[in-house]
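Notes follow once the structure below has been shown.
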Amino acid sequence: MIELGDLQADLPALKNSGAIQVDNVIPLAKGYKSFNSFVELTTTPTTNNPVGLFPHLATSGAINYCGDQTKLYQANASGTFIDKSKAGGYNNSTTAGSKDYWSFVSFGDRVIASNFADNIQKFDTGDSAFSDLVSVKAKYLAVISQFVFAGYTIEGGTTYSQRLKWSGLNNSAQWTSSQSTQSGFQDIRGDHGVIQGVVGGESFGIVFFERAIFRIDYVGTPLIWSISKISDNIGAFSPKSIVSFGDTIYFLAQDGFYSLEKGQKLTPIGIGRVNEFFYSDITSDFENICGSVDPDNSIIVWSYRGVGATTSGVNNKLLIYNFSVRKWSTASGLSIVFLGSASQTAFTTLESLDVLGSIDNLPYSLDSFRFTEDIISLGAFSSDKKFGKFLGGSLPATITTTEFEVEGRRSTLISARPIVDANGETTTVTVTPSQRPSQIVSPIEGQAVSVRDNGDCPLRSTGRYHRLKININGNFKNVLGVDVDQRPEGKR
């Protein structure tokens, strides 16, 4: 059997130890499982394309917040986003190359939001609208220990692109520099570019620049914070690519994808796998790359605009990394304007599940925890500006094996048996053979053959080098590989 190994799109197709293509699936320790389709859960769109999404864990439960170009919203009990903007709204830039996104953090029961165009905002329990927290503008927010941090600020009309500014100890409203409150700021000057993001933690934080990464540790008065460089010439290439989960941060650098573990160990995770593929596939809008975590499936997901995209500002593809097994996959055919983490309202009746489609097509059992309230998982906004989650049936999957030859000669593939567990679902599986006589020429694709009742696909494909493409339409649990029956031919 040809097992479907790790996606290694950057390596040569011949004798590749992984797979050439694994689309609309999630990597497992062995093989892949299906990736669920996106389903809109709200009927009322936001006014403009959302540029921020945040699940706030309040004492009363999880509440979603989001923001677009001119408004901030809070989700009501039914999940609909209600305008909670301050009077006059907001002024996010939509200019390519300097687009403003919303950054959110929680500080107790307070939600704090920043967009760089307007003063940092706050929303407390019982408030009817957001209001100014402080007369400071900032691109990025984070909570480190008991302090709120702002990165890349505008203060008094002056822009400080390398500045970190923090609130008082356990006081998000105090921003005047003071030894007694421990609030202050630090300009991290150097030729490492501008701040690209700040990630918080219990006792230390990480600051990403374009060409460097710094760690900040709490040391108390008089210094308050110790700042040390942990990476030179490697930084965040795209601000929204930075994703933190557990003790590890994942991000896109100029030379590919990395992980930063425990604020110390920097590891390239995309080299020889997806780095070259990604940079050749992304067509534009690097600032529109959005990353998030899906804890249900142990994956980090990046949304981006790849080959085949047709609408400006709409991402059509996902790059997926399973951090538990350190394997990659992709997803395509989507229309997403923003991706992030979010909670959901409970699906408490059969009627409430209608939005997900036919009950027979649900990806999980009716009593699955994934349908309960306050579950934080992968969420997004569609090109129609409506919120939803990836809770639909299996997306159509495509997996292409490594290229192989038989005994160093021409051979004929007689049949193939894809090992797909559809668990009795009405699922269509086809196998398409490709062959070429030499590595110099392009593969010649044959006809797609459907799986017969006995599980086999009869083939008649003769060539020196072969590869097989498996297409799966309908719900399935996993795909492991493909058994191949082949016959060596002469050496002519």
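Here are the numbers:
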item	result
Test for Val307: is it without any contact (Cβ under 8 Å) to a residue 60 or more places away in the chain, among the β-branched types (Val, Ile, Thr) and open to solvent by 10 Å² or more (accessible area, probe 1.4 Å)	yes
Top-ranked residue in region 384-404 [being assigned to a loop (DSSP other than H, G, I, E, B) and more than 24 Å from Lys30 (Cβ to Cβ); ranked as most open to solvent (accessible area, probe 1.4 Å)]	Asp384
Qualifying positions in region 179-196 - buried (at least 20 other Cβ atoms within 10 Å of the Cβ) and either on the phi < 0 side of the Ramachandran plot or at pLDDT below 95 (or both)	Ser183, His192, Ile195, Gln196
Answer residue from region 410-448, given it is of a type in the set (A, V, I, L, M) and without any contact (Cβ under 8 Å) to a residue 24 or more places away in the chain and is nearest to Val25 (Cα to Cα) among those	Ala448
Set Ser259, Ser280, Ser329: member being small (Gly, Ala, Ser), without any contact (Cβ under 8 Å) to a residue 12 or more places away in the chain, out of contact with any helix residue (DSSP H, G or I) (no Cβ under 9 Å at 6 or more places or on another chain) and outside any loop (DSSP other than H, G, I, E, B)	Ser280
Boolean, Leu4 is farther than 30 Å from Ser312 by Cβ, touching a residue at least 60 places away in the same chain (Cβ under 8 Å) and open to solvent by 20 Å² or more (accessible area, probe 1.4 Å)	no
Region 65-78: number of residues that are among the small types (Gly, Ala, Ser) and either over 13 Å from Phe381 (Cβ atoms) or open to solvent by 60 Å² or more (accessible area, probe 1.4 Å) (or both)	2
Those residues of region 176-192 which are farther than 15 Å from Asp217 by Cα and either part of a strand (DSSP E or B) or in contact with a Cys (Cβ under 8 Å, 6 or more places away or on another chain) (or both), in sequence order	Ser178, Asp187
Entirely in region 80-132, the strands (runs of 3 or more DSSP E) that have 2 or more residues that are modelled with pLDDT of 95 or more, within 27 Å of the chain's Cα centre (by Cα) and buried (at least 21 other Cβ atoms within 10 Å of the Cβ)	103-107, 110-114, 120-123
Members of region 14-28 that are at pLDDT 95 or above and assigned to a loop (DSSP other than H, G, I, E, B)	Asn24, Leu28
Options Thr330, Thr345, Thr349: the member that is modelled with pLDDT under 95 and out of contact with any Ser or Thr (no Cβ under 9 Å at 6 or more places or on another chain)	Thr349
Only listed residue being in contact with a His (Cβ under 8 Å, 6 or more places away or on another chain), under 25 Å from Gly340 (Cβ atoms) and at pLDDT 95 or above, chosen from Phe251, Phe245, Phe209	Phe209
Given (1) open to solvent by 50 Å² or more (accessible area, probe 1.4 Å); (2) under 22 Å from Gly291 (Cβ atoms); (3) of a type outside the set (Phe, Trp, Tyr); (4) assigned to a loop (DSSP other than H, G, I, E, B), index of the condition Thr46 fails	(1)
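The values are calculated or read from the model by the stated rules, or taken from the named source; none is laboratory data. These figures come from a predicted structure and were not determined experimentally. Counting neighbours? That spans all protein chains shown, and the Cβs are built from the backbone with ideal geometry, glycine included. With ligands, DNA and RNA removed, areas are computed over all heavy atoms of the protein, side chains included. Shrake-Rupley method; radii C 1.70, N 1.55, O 1.52, S 1.80 Å.
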